[in-house]
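Reading through the structure tokens given below for one structure.
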Amino acid sequence: MSEITVSVTFRHIEPTEALKHYAEEKIHKIGKYFSHALDAHIILAVDTKQRQLAEIELHTHGTMIHGKEQHESLYAAIDLVIDKIERQVRKQKDKYKVSRRRTKA
């Protein structure tokens, strides 16, 4: 598991420790896919009462992975964007494994 440096930005919403802790806790689960340190920037925003946004930029070794989701609940938006980031990370790791296997032959 790798160390993840997390910064959380709130836009058009009062910053709460509960939201910040929830987002940080979820992003640390992504660390199991990497062995080196990562940087993550989480943006939590409210456009309207029906549209709340969660956006994550994950800076890995040489790559930036970006995800953005919206939902009526900010907690649900965080869950959705974490799922999206996790899918992208797994896809990237699988591509890396396949390309390493092909170069041996």
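Rule-based calculations on the coordinates, nothing more; no lab input. Treat the numbers as computed from the prediction; the structure is a model and nothing was measured. Note that each Cβ is placed from the backbone with ideal geometry, even for glycine, and that neighbours are counted across all protein chains shown.
Counting pairs of alpha carbon atoms under 8 Å apart in space and at least six apart in sequence, what relative contact order in percent does the range 4-104 give? It would help to have the intermediate numbers written out before the result.
On the way: 146 pairs, mean separation 22.7, N = 101.
Over the range 4-104, the number comes to 22 percent.
Under the simplified labelling scheme, the residue 32-residue 12 pair shows an inter-label distance of 3.5 nm, with each label point 7 Å from Cα along Cα→Cβ.
Can you pull out the GluC sites (Glu not before Pro) in the range 11-76 whose DSSP state is coil and whose Cβ has at most 16 other Cβ atoms within 10 Å?
On the way: sites: 17, 24, 25, 55, 57, 69, 72; in loops: 72.
Filter output for the range 11-76: 72.
With runs of 4+ DSSP H residues as the only contributors, calculate the mean residue ellipticity of the chain at 222 nm using -39,500 (n - 2.57) per run, divided by the residue total and rounded to the nearest 500. That comes out to -14000 deg cm²/dmol. If you count Lys pairs in the chain whose Cα atoms are under 18 Å apart, skipping same-chain pairs closer than 8 places in sequence, the total is 20. Using the alpha-carbon atoms, what tilt in degrees (0 to 90, nearest 10) does helix 17-28 show relative to the longest principal axis of the chain? Helix 17-28 and the main axis of the chain meet at about 10 degrees.
So, in nm, how far is label residue 73 from label residue 90 when the simple model puts each one 7 Å beyond its Cα toward the Cβ? About 2.3 nm, to one decimal. Among the trypsin sites (Lys or Arg not before Pro) found in the range 1-77, those both in a DSSP coil and sparsely packed, with 12 or fewer other Cβ atoms within 10 Å of their Cβ, are 49.
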